[in-house]
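A short write-up of the structure that comes next.
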Amino acid sequence: MSTLKNGLGAGLKTTWSLGKIIFPITILVVILQHTPILPWIVKLISPFMNLFGLSGEAAIPLVLGNALNLYAGIAGILSLDLTVKEVFILAVMLSFAHNLFIETGVALKVGVKLWIVLVVRFGLAALSGIVINLVWRGGGEIAQYGISPESTVVPNGWVDIFLLGLQKASFGVLQLALIVIPLMLVVQFLKDQNYLEKFSSKFSPVTKLIGVQPNASLTLVAGLVIGLAYGAGVMIQAVQEDGVSNRDATLSFIFLVACHAVIEDTLLFIPLGIPVWPLLLIRIITAFVLTIAVAFFWRHKLNEKLEKEATVANG
């Protein structure tokens with residue numbers, strides 16, 4: 001009963017906190033669409049966005065998602081008429097790079113260098129956008145955003161524009177609640193039953209595969225299940241108490257940058273009308289390939305350094 005109560009409370013609190021971001025941003029973006037401001041911004045940055053196969057106005061959710069969080073980015077998407085391909089590209093790019101200020105702070109707290117965080121996050125976002133744009137030829141139809149009603153009437157006057165924004169914002173928050181509240185119930189259950197610790201003890205094959213020590217497993221599990229921001233406390237504590245090295249902390253964060261909060265982030269994109277399984281697979285495969293490659297390169301450089309030092313000592 002306490003799990004249900006605490007989980008429901010956490011879900012409602014999270015919905016309220018995130019709804020306060022999504023609601024006003026959605027209304028603001030809808031209003032801006034009908035002013036000269038948004039067309040001017042779109043014209044200014046359209047050439048750059050074409051690189052990712054995106055229209056100029058698609059920069060709005062990218063900026064919101066990176067400056068604030070994934071929910072703000074989704075709010076930006078909900079306020080725009082985009083194709084399925086555009087929404088999918090935005091979803092992948094935002095999965096790799098979002099909530100930069102808070103999540104970068106978490107990375108710095110556990111000893112990961114700033115330039116590594118920024119290069120990996122922005123690099124993955126840009127590269128994924130370019131590759132998907134070049135490879136995927138479909139998705140040209142307009143995306144249908146879940147339970148949000150399709151707008152067929154052109155708003156006439158500021159009152160109609162505001163009401164349209166109010167409608168989109170309300171449906172956006174409702175969809176958020178339908179996802180976040182059950183999610184928080186699951187997370188609360190995992191916490192109460194100490195499943196995070198249990199999962200981490202069985203995570204050694206994964207840590208071995210990506211080249212980190214088993215004592216980094218709790219950091220990885222917390223990031224995978226809860227996310228970088230929500231799992232910050234668990235992750236920081238794990239690094240401090242379990243003696244995770246700077247190398248392992250860095251490799252763990254490189255893995256988690258590509259693949260964190262896999263349940264929550266994947267579910268959040270369902271109402272946007274895109275295929276979420278490819279999104280999840282892209283994140284998981286990228287996380288493993290990138291981390292294994294970095295670990296191999298790191299180990300190779302370390303061996304070269306040790307060999308040089310041994311040569312100097314013997315010479």
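Is it true that Gly140 is touching a strand residue (DSSP E or B) at 6+ places or on another chain (Cβ under 6 Å), within 22 Å of Pro275 (Cα to Cα) and not aliphatic (A, V, I, L, M)? So that I can check it myself, show each step before the final result.
Working: touching a strand residue (DSSP E or B) at 6+ places or on another chain (Cβ under 6 Å): yes; within 22 Å of Pro275 (Cα to Cα): yes; not aliphatic (A, V, I, L, M): yes.
Yes; evaluated as a whole, the condition is true for this residue.
Does Lys308 satisfy being in a helix (DSSP H, G or I), modelled with pLDDT of 80 or more and of a type in the set (D, E, K, R)? Break it down into steps so the answer makes sense when it comes.
Numbers: in a helix (DSSP H, G or I): yes; modelled with pLDDT of 80 or more: no; of a type in the set (D, E, K, R): yes.
Here the answer is no, as Lys308 does not meet what is asked.
Being under 24 Å from Leu134 (Cβ atoms) and either open to solvent by less than 90 Å² (accessible area, probe 1.4 Å) or not in a helix (DSSP H, G or I) (or both) is the filter here, so list the residues in region 38-50 that pass it.
Those that are under 24 Å from Leu134 (Cβ atoms) and either open to solvent by less than 90 Å² (accessible area, probe 1.4 Å) or not in a helix (DSSP H, G or I) (or both): Val42, Ile45, Ser46, Met49.
Listed residues Pro271, Pro275; which is open to solvent by 10 Å² or more (accessible area, probe 1.4 Å), in contact with a Gly (Cβ under 7 Å, 6 or more places away or on another chain) and touching a residue at least 24 places away in the same chain (Cβ under 8 Å)?
After ruling out the rest, the residue left standing is Pro271.
Where residues in region 69-111 are at pLDDT below 85 and among the polar types (S, T, N, Q), which of them is surrounded by the most Cβ atoms within 10 Å (Cβ to Cβ)?
Ser79
Read through the list (1) open to solvent by less than 50 Å² (accessible area, probe 1.4 Å); (2) β-branched (Val, Ile, Thr); (3) outside any loop (DSSP other than H, G, I, E, B), then give the number of the only condition that Ile285 fails.
(1)
Identify, from the list Phe171, Phe189, Phe199, Phe162, the residue that is modelled with pLDDT under 75 and aromatic (Phe, Trp, Tyr).
Among Phe171, Phe189, Phe199, Phe162, only Phe199 is modelled with pLDDT under 75 and aromatic (Phe, Trp, Tyr).
Report, by residue number, each residue of region 223-270 that is at pLDDT below 70 and among the hydrophobic types (A, V, I, L, M, F, W, C).
Once the filter is applied, which keeps residues that are at pLDDT below 70 and among the hydrophobic types (A, V, I, L, M, F, W, C), region 223-270 yields Ala229, Ala232, Val234, Met235, Ile236, Ala238.
Among the residues of region 46-57, is any over 17 Å from Phe269 (Cα atoms) and at pLDDT below 80?
yes
Considering only region 188-197, state which residues are over 25 Å from the mean Cα position of the chain (by Cα) and in a helix (DSSP H, G or I).
Matches in region 188-197: Asp192 only.
If I filter region 1-36 down to residues being within 22 Å of the chain's Cα centre (by Cα), of a type in the set (Gly, Ala, Ser) and more than 28 Å from Asp160 (Cβ to Cβ), which single residue comes out as least open to solvent (accessible area, probe 1.4 Å)?
Across region 1-36, the extreme among qualifying residues is Gly11.
Search region 288-311 for residues being without any contact (Cβ under 8 Å) to a residue 60 or more places away in the chain and basic (Lys, Arg), and hand back the single one that is least open to solvent (accessible area, probe 1.4 Å).
Per the criteria, the residue is Lys301.
Among the residues of region 172-219, which ones are open to solvent by less than 20 Å² (accessible area, probe 1.4 Å) and polar (S, T, N, Q)?
Gln175, Ser200, Thr207, Ser217, Thr219
So which residues in region 141-157 are modelled with pLDDT of 80 or more and more than 24 Å from the chain's Cα centre (by Cα), if there are any at all?
Listed by number, the residues that qualify are Glu141, Gly157.
The values are calculated or read from the model by the stated rules, or taken from the named source; none is laboratory data. All figures in this text were calculated on a predicted structure; none of them were measured in a lab. Counting neighbours? That spans all protein chains shown, and the Cβs are built from the backbone with ideal geometry, glycine included. The area values use the complete protein model at the heavy-atom level, side chains included, leaving out ligands, DNA and RNA. Shrake-Rupley method; radii C 1.70, N 1.55, O 1.52, S 1.80 Å.
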